[in-house]
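The values are calculated or read from the model by the stated rules, or taken from the named source; none is laboratory data. The shown structure was predicted, so the numbers you read here are calculated from the model rather than taken from an experiment. Quick reminder, even Gly has a Cβ in these numbers, built from the backbone with ideal geometry, and neighbours come from all protein chains shown.
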Amino acid sequence: MSLVKQTVYIAKQKKQNDLKKLLFTHLLNVNKVEGCKNYEVYEADEDETELLVYEEWSSEELFNDYKQTQEYKNFNEQKKSLIKREEVLPNF
């Protein structure tokens, strides 16, 4: 069964361009990962600090495998200094 994951990121003050760059760079890499069917980044119309990441994985197992990679760990470490808040929306 596939997994759809949506995450809202709120960038810290004056860090929104750095966060966008990180997310779009990550998009290019994660789309090549086994099991990643779709990874998209959307910018909010009303708030330039708010970004939504939409991910679709062929299975939860492959997503969990990806979370164990060094690439994922590096991404998580880099985003910590850029985000004020992260909200994972319910999976479906």
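See the values below:
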{"read-out": "Subset of the range 38-84 (residues that are polar (S, T, N, Q) and assigned to a helix (DSSP H, G or I))", "value": "Asn64, Gln70, Asn74, Asn76, Gln78"}
{"read-out": "Residues being charged (D, E, K, R) and at positive phi - total across the range 1-54", "value": "1"}
{"read-out": "Leading residue by the ranking (nearest to Lys12 (Cα to Cα)) among those in the range 33-92 that are of a type in the set (Ser, Thr, Tyr) and buried (at least 16 other Cβ atoms within 10 Å of the Cβ)", "value": "Thr49"}
{"read-out": "Any hit, the range 1-15, residues being of a type in the set (Gly, Ala, Ser), surrounded by 13 or more Cβ atoms within 10 Å (Cβ to Cβ) and either without any contact (Cβ under 8 Å) to a residue 60 or more places away in the chain or part of a strand (DSSP E or B) (or both)", "value": "yes"}
{"read-out": "Flag if Val4 is of a type in the set (Val, Ile, Thr) and in contact with a Leu (Cβ under 6 Å, 6 or more places away or on another chain)", "value": "no"}
{"read-out": "Exclusive hit being under 13 Å from the mean Cα position of the chain (by Cα) and more than 16 Å from Lys79 (Cα to Cα), set Lys5, Lys21", "value": "Lys5"}
{"read-out": "Residue in the range 1-43 that is nearest to Leu82 (Cα to Cα), counting only those that are modelled with pLDDT of 95 or more and among the small types (Gly, Ala, Ser)", "value": "Ala11"}
{"read-out": "Scan of the range 48-63 for residues that are over 17 Å from Leu89 (Cα atoms) and at pLDDT 95 or above, ordered by number", "value": "Thr49, Ser58, Ser59, Glu61, Leu62"}
